[in-house]
2 protein chains.
Amino acid sequence: METVLRGSSNFDSSRTMGGMQTLPHPARDEIRIEAVLHALADPVRLHIVRELAQCPDGVSCGVMDLGISPSTLTHHVRTLREAGVVFVRPRGTSRISSLRRDDLDALYPGLLNGVLAAPR
Amino acid sequence: METVLRGSSNFDSSRTMGGMQTLPHPARDEIRIEAVLHALADPVRLHIVRELAQCPDGVSCGVMDLGISPSTLTHHVRTLREAGVVFVRPRGTSRISSLRRDDLDALYPGLLNGVLAAPR
């Protein structure tokens, strides 16, 4: 799934910031519950989401202690981004991820908080 | 995952009702968020869950218009049961499924309602 964000000039996929091209994201109305649930149904991705929930301004997932290779991390962040769970923006040569809480809370009220309430 | 229900004499796995053996279910504290999310992250299983949400007393999933074979239906209901999303009890020669709403709401407050709020 490589949906290019539409309907939001703020996040045009061809825009560049800091020399790194922005990545495609689904617009809110393109987010599908099955993809969101699939993205969340993985221990590593759930760990990432829990960490991001603590960082409203976003953070580079590379600083998280996940015990996985950079390429595996890239795969997981991509799955979260393509599902509409996280927004990834370039900053210099790194990428900052943040939870799309407003979108998820609007589409599926309670889902994210319910997931975050789960015992680890 | 074939976890036998423990800690609840009401649902002992060796008990029989109507001549059909009851099936194993995870106890509440054995339910894992990853398994619940995986179980919900499928269009057919989500359809089943939406239908069951309308039937607090439970219903045979066989009466649902899902457009799938009986063996595929059995697979999907088993996935939901093993994850702790549905409880399946025998009634005569059929099986009645019901949503484990109390367990899911207690473990992950808001999750189920958020999922059910998703546009179809």
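With every protein chain present, what accessible area does B:Glu51 have (1.4 Å probe, heavy atoms only), rounded to the nearest 10 Å²?
Counting only protein heavy atoms, B:Glu51 exposes about 70 Å² to solvent.
Determine which chain A residue has its Cβ at minimum distance from the rotation axis mapping A onto B, giving the value in whole Å.
A:Gly110, 1
Given +1 on the Cβ of Lys and Arg, -1 on the Cβ of Asp and Glu, and no further charges, what dipole in debye does segment A:30-117 carry about its Cα centre, rounded to the nearest 20? Intermediate results must be reported in sequence, preceding the final value.
Numbers: 10 positive and 10 negative charges, 48 e Å.
Here the size comes out at about 220 debye.
With a 1.4 Å probe, how much accessible area is buried between chains A and B, both sides summed, in Å² to the nearest hundred?
Details: alone 6780 and 6760 Å², together 12140 Å².
Heavy-atom accessible area buried at this interface is about 1400 Å².
Using modelled amide H (1.01 Å from N, peptide plane; none on Pro or chain starts), what sits under 5 Å from the amide H of A:Arg100, excluding residues fewer than 5 places away?
A:Val86, A:Phe87
Got a sec? Which residues of segment A:34-73 lose 20 Å² or more of accessible surface with every protein chain in place, vs. that chain alone, 1.4 Å probe?
Listed in order, they are A:Glu34, A:Leu37, A:Ala41, A:Pro43, A:Leu46.
Pick out, from A:Gly58, A:His75, A:Ala27, the residue whose Cα sits farthest towards the positive end of the charge dipole of segment A:15-90, with +1 on the Cβ of Lys and Arg and -1 on the Cβ of Asp and Glu.
Of A:Gly58, A:His75, A:Ala27, it is A:Ala27.
From the protein chains alone at 1.4 Å, what is the descending order of accessible area for A:Val63, A:Val77, largest first? List each step's numbers first, then the result.
Working: A:Val63 110, A:Val77 20 Å².
Result, largest first: A:Val63, A:Val77.
With every protein chain kept in place and ligands, DNA and RNA left out, what is the accessible area per residue of segment A:30-117? Probe 1.4 Å, answer in Å². Display every interim value, and only then the final one.
Numbers: 3820 Å² over 88 residues.
That works out to 43 Å² per residue.
Where the label is 7 Å out from Cα toward Cβ, how close does B:Ser60 come to the same position in every other copy, in nm, shortest first?
Taking the point 7 Å beyond Cα along Cα→Cβ, the inter-copy spacings are 6.0 nm.
What does the accessible area of A:His47 come to, in Å² to the nearest 10, when a probe of 1.4 Å is used?
60 Å²
Go through segment A:104-120 and flag every residue whose accessible area shrinks by 10 Å² or more with all protein chains in place compared to the isolated chain (probe 1.4 Å).
Buried-area filter returns A:Leu107, A:Tyr108, A:Pro109, A:Gly110, A:Leu111, A:Gly114, A:Val115, A:Ala117, A:Ala118, A:Pro119.
Please list 3J(HN,Hα) in residue order for segment B:97-107, calculated via the Karplus relation 6.51 cos²θ - 1.76 cosθ + 1.60 where θ = phi - 60°; whole Hz, with x for glycine and proline.
Running phi through 6.51 cos²θ - 1.76 cosθ + 1.60 with θ = phi - 60° gives 9, 9, 6, 8, 4, 4, 5, 5, 5, 6, 7 Hz.
Give, as ranges by residue number, the residues of segment A:25-40 whose backbone N falls under 20 Å from the point 7 Å along Cα→Cβ of A:Arg120.
The answer is A:40, whose backbone nitrogens lie closer than 20 Å to the label point.
Could you look at segment A:30-117 and say what percent of its accessible area is carbon and sulfur, using a 1.4 Å probe and all protein chains? Let's see the in-between values first.
On the way: 1870 of 3820 Å².
Roughly 49 percent of what the probe reaches on segment A:30-117 is carbon or sulfur.
Provide the net charge surrounding B:Glu51, with neighbours chosen by a C-beta distance below 11 Å and charges set as Lys +1, Arg +1, Asp -1, Glu -1. Numbers along the way, then the final one.
Values: positive: B:Arg45, B:Arg50; negative: B:Asp65.
Result for the neighbourhood of B:Glu51: +1.
The values are calculated or read from the model by the stated rules, or taken from the named source; none is laboratory data. Given the structure is predicted, the values throughout are model-derived calculations rather than measurements. Glycine also receives a Cβ, built like all others from the backbone with ideal geometry; neighbour counts cover every protein chain displayed. Keep in mind that these areas ignore ligands, DNA and RNA; they rest on the heavy atoms of the full protein, side chains included. Shrake-Rupley method; radii C 1.70, N 1.55, O 1.52, S 1.80 Å.
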